[in-house]
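Asker: Below is one structure. I have some questions about it.
The values are calculated or read from the model by the stated rules, or taken from the named source; none is laboratory data. All figures in this text were calculated on a predicted structure; none of them were measured in a lab. Here Cβ is always computed from backbone atoms with ideal geometry, including for glycine, and neighbour counts include all displayed protein chains. The accessibility values were calculated without ligands, DNA or RNA, using every heavy atom of the protein model including side chains. Shrake-Rupley method; radii C 1.70, N 1.55, O 1.52, S 1.80 Å.
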Amino acid sequence: MTHELLRGDRWRSLTADREKLRVYADDEWFAAGLDDAHHELGDDAARVLQQHAVLVIQPDCIAARRAERCVDLVRQEGFEPVHAIRFHFGAEQTRGIWRYQSNISTPASQQIADEVCGQGDSLLVLLRDTSRDPVLPASLRLSDLKGRSDPALRTERHLRTVLGAPTCLVVLVHTPDEPVDVVRETALLLGPRTRELYAAMANPATDDVADHLKALNAESDPHDLDLGAAWDRITSRITDEILSKVRQGSAKLDWPWFTDRLVTAGLDPRGWDALLIGSAHVEHDLAGVPRLVDRVSLDSWTGGEAVLLPRP
């Protein structure tokens, strides 16, 4: 049975991609998120969702002590924090969030992503888009500002560039792309607390971001997240011709072999130095495998495939 928020053409206010909607049809988190959004926001859920974005500040951003700057940067771009919820990325969350993209990921890439996101708690920050005369939903505008995971595909304007996200997997922040992704991903990350998020959309709660970040900083050890420095620290303890070739870029890193070498040398295979090197040098993608859901384009919203609802 079609959910009330998707009936007729109403789905076009949540996504520009009907194929994505088809793929999500059997997704338990998407179904739960639709129920939560409708329960708290009623038939106006799509309009409210379009005005809000979600910024996930990950453990790598906390360790690098760049989270406060991240919040300042999105504020400067017209995104006002209205609520924050602390949570932990378990393996179910990391695999679930990127379920429709990570089908092309190698086992090593998935393992490193699990470790990066699981290093500590993350902070989900609800943002209201305060820009005048928007042409995109808030979530897509923020996703465009965030930049791609691959550093080679980012420009100087992107949030991940400004924050210094060093590799394809140590990317500091995550944002759902479209309102439909906000619905699915917040349900997956927050579970029963998702309704708290929707309630804050309707009636903004206290902006408690600074308090959360202060606590998270106090609970985590700082790290420079400098790939070159990580290599120097590791190779000061391990001398190996294979590692030299990997560092020079003439060979890919065998992740199980590398973690075994670290353990033998008395080094932490789950520490930031190991994860930085792994995230930069393992093979990330399986050859010839298409993503189940591809990245949404800005043109699909501005070109009329989706419907941007007028703000009250």
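Asker: Here's a check for you: in segment 5-41, which residue that is among the small types (Gly, Ala, Ser) and touching a Phe, Trp or Tyr at 6+ places or on another chain (Cβ under 7 Å) is surrounded by the fewest Cβ atoms within 10 Å (Cβ to Cβ)?
Answerer: First, the residues of segment 5-41 that are among the small types (Gly, Ala, Ser): 8, 13, 16, 25, 31-33, 37.
After this cut, where a residue has to be touching a Phe, Trp or Tyr at 6+ places or on another chain (Cβ under 7 Å) as well, the list is 16, 37.
Values: 16: 25, 37: 27.
This residue is 16.
Asker: Of the conditions (1) among the charged types (D, E, K, R); (2) within 22 Å of residue 67 (Cα to Cα); (3) within 15 Å of the chain's Cα centre (by Cα), residue 157 fails just one. Which one is it?
Answerer: Failing condition for residue 157: (3).
Asker: Which members of segment 109-134 meet the condition of being in contact with a Pro (Cβ under 8 Å, 6 or more places away or on another chain) and open to solvent by 10 Å² or more (accessible area, probe 1.4 Å)?
Answerer: 118, 119, 120, 121, 128
Asker: Hey, another quick one. For a quick check of your reading of the model, give me the residue pairs whose first member lies in segment 190-203 and is more than 22 Å from residue 312 (Cβ to Cβ) and in contact (Cβ under 8 Å) with a residue 60 or more places away in the chain, whose second is part of a helix (DSSP H, G or I) and open to solvent by less than 10 Å² (accessible area, probe 1.4 Å), with beta-carbon atoms closer than 6 Å and at least 6 apart or on different chains.
Answerer: Note: pairs meeting the criteria are 194/186; 194/187.
Asker: For segment 255-269, how many residues meet the condition of being free of Cβ contacts under 8 Å to residues at least 12 places away in the same chain, in a loop (DSSP other than H, G, I, E, B) and open to solvent by 40 Å² or more (accessible area, probe 1.4 Å)?
Answerer: Summing the residues that are free of Cβ contacts under 8 Å to residues at least 12 places away in the same chain, in a loop (DSSP other than H, G, I, E, B) and open to solvent by 40 Å² or more (accessible area, probe 1.4 Å) in segment 255-269 gives 1.
Asker: With (1) among the acidic types (Asp, Glu); (2) more than 25 Å from residue 125 (Cβ to Cβ); (3) within 18 Å of the chain's Cα centre (by Cα) as the list, and residue 4 as the residue in question, which single condition is left unmet?
Answerer: Only one criterion in (1) among the acidic types (Asp, Glu); (2) more than 25 Å from residue 125 (Cβ to Cβ); (3) within 18 Å of the chain's Cα centre (by Cα) is unmet by residue 4, namely (3).
Asker: Another question, if that's okay. Do we find that residue 232 is open to solvent by less than 90 Å² (accessible area, probe 1.4 Å), modelled with pLDDT of 95 or more and among the charged types (D, E, K, R) in this structure?
Answerer: Numbers: open to solvent by less than 90 Å² (accessible area, probe 1.4 Å): yes; modelled with pLDDT of 95 or more: yes; among the charged types (D, E, K, R): yes.
The answer is yes for residue 232.
Asker: Quick one: in segment 11-39, which of the residues that are in contact (Cβ under 8 Å) with a residue 12 or more places away in the chain and not in a helix (DSSP H, G or I) is farthest from residue 303 (Cα to Cα)?
Answerer: Only one residue fits best here, namely 27.
Asker: Also: Test each condition in (1) over 24 Å from residue 111 (Cβ atoms); (2) assigned to a helix (DSSP H, G or I) for residue 205 and report the one that comes out false.
Answerer: Status for residue 205: all satisfied but (2).
Asker: Under 7 Å between Cβ atoms, which residue pairs at least 6 apart in sequence (or on different chains) link something in segment 157-184 that is within 20 Å of residue 19 (Cα to Cα) and among the basic types (Lys, Arg) with a partner that is surrounded by 24 or more Cβ atoms within 10 Å (Cβ to Cβ) and modelled with pLDDT of 95 or more?
Answerer: Listed by first residue and then by second, the contacts come to 184/33.
Asker: In segment 160-189, how many residues are assigned to a helix (DSSP H, G or I), open to solvent by 10 Å² or more (accessible area, probe 1.4 Å) and aliphatic (A, V, I, L, M)? Even if it seems obvious, please write down each step before you answer.
Answerer: Narrowing segment 160-189 to residues assigned to a helix (DSSP H, G or I): 160-163, 179-189.
Now narrow it down to the ones that are open to solvent by 10 Å² or more (accessible area, probe 1.4 Å): 160-162, 185, 189.
From the residues that got through so far, the ones that are aliphatic (A, V, I, L, M) too are 162, 189.
The number of residues fulfilling the criteria is 2.
Asker: Residues being out of contact with any helix residue (DSSP H, G or I) (no Cβ under 6 Å at 6 or more places or on another chain) and outside any helix (DSSP H, G or I): count how many of those fall in segment 223-237. Before the answer, list the steps.
Answerer: Looking only at segment 223-237, we keep the residues that are out of contact with any helix residue (DSSP H, G or I) (no Cβ under 6 Å at 6 or more places or on another chain), and these are 224-226, 228-229, 232, 235-237.
Filter again for outside any helix (DSSP H, G or I), leaving 224-226, 236-237.
Residues flagged as out of contact with any helix residue (DSSP H, G or I) (no Cβ under 6 Å at 6 or more places or on another chain) and outside any helix (DSSP H, G or I) within segment 223-237 amount to 5.
Asker: Further question on the same structure: Kindly state which helices (runs of 4 or more DSSP H) lie completely within segment 42-103 and contain at least 3 residues that are over 18 Å from residue 176 (Cβ atoms) and either of a type outside the set (Lys, Arg) or open to solvent by 10 Å² or more (accessible area, probe 1.4 Å) (or both). Walk me through how you get there before you give the answer.
Answerer: On the way: elements: 45-50, 59-63, 67-76, 91-97.
Those helices (runs of 4 or more DSSP H) span 59-63, 67-76.
Asker: Residues of segment 241-254 being in a helix (DSSP H, G or I) and open to solvent by less than 30 Å² (accessible area, probe 1.4 Å), which ones? Full working, then the answer.
Answerer: So the first thing to find is which residues in segment 241-254 are in a helix (DSSP H, G or I), and the list is 241-248.
Listed by number, the residues that qualify are 243, 246.
Asker: Ok, one more. All but one of (1) closer than 30 Å to residue 136 by Cβ; (2) of a type outside the set (A, V, I, L, M); (3) over 21 Å from the mean Cα position of the chain (by Cα); (4) open to solvent by 90 Å² or more (accessible area, probe 1.4 Å) hold for residue 294, so report the exception by its number.
Answerer: (3)
Asker: Turning to a different aspect of this structure: Please go through segment 298-310 and give me each residue that is surrounded by 12 or more Cβ atoms within 10 Å (Cβ to Cβ), modelled with pLDDT of 90 or more and either of a type outside the set (A, V, I, L, M) or in contact with a Pro (Cβ under 6 Å, 6 or more places away or on another chain) (or both), ordered by number. So that I can check it myself, show each step before the final result.
Answerer: The first filter runs over segment 298-310 and keeps only residues surrounded by 12 or more Cβ atoms within 10 Å (Cβ to Cβ), leaving 298, 300-302, 305-309.
Remaining after also requiring modelled with pLDDT of 90 or more: 298, 300-302, 306-309.
Those that are surrounded by 12 or more Cβ atoms within 10 Å (Cβ to Cβ), modelled with pLDDT of 90 or more and either of a type outside the set (A, V, I, L, M) or in contact with a Pro (Cβ under 6 Å, 6 or more places away or on another chain) (or both): 300, 301, 302.
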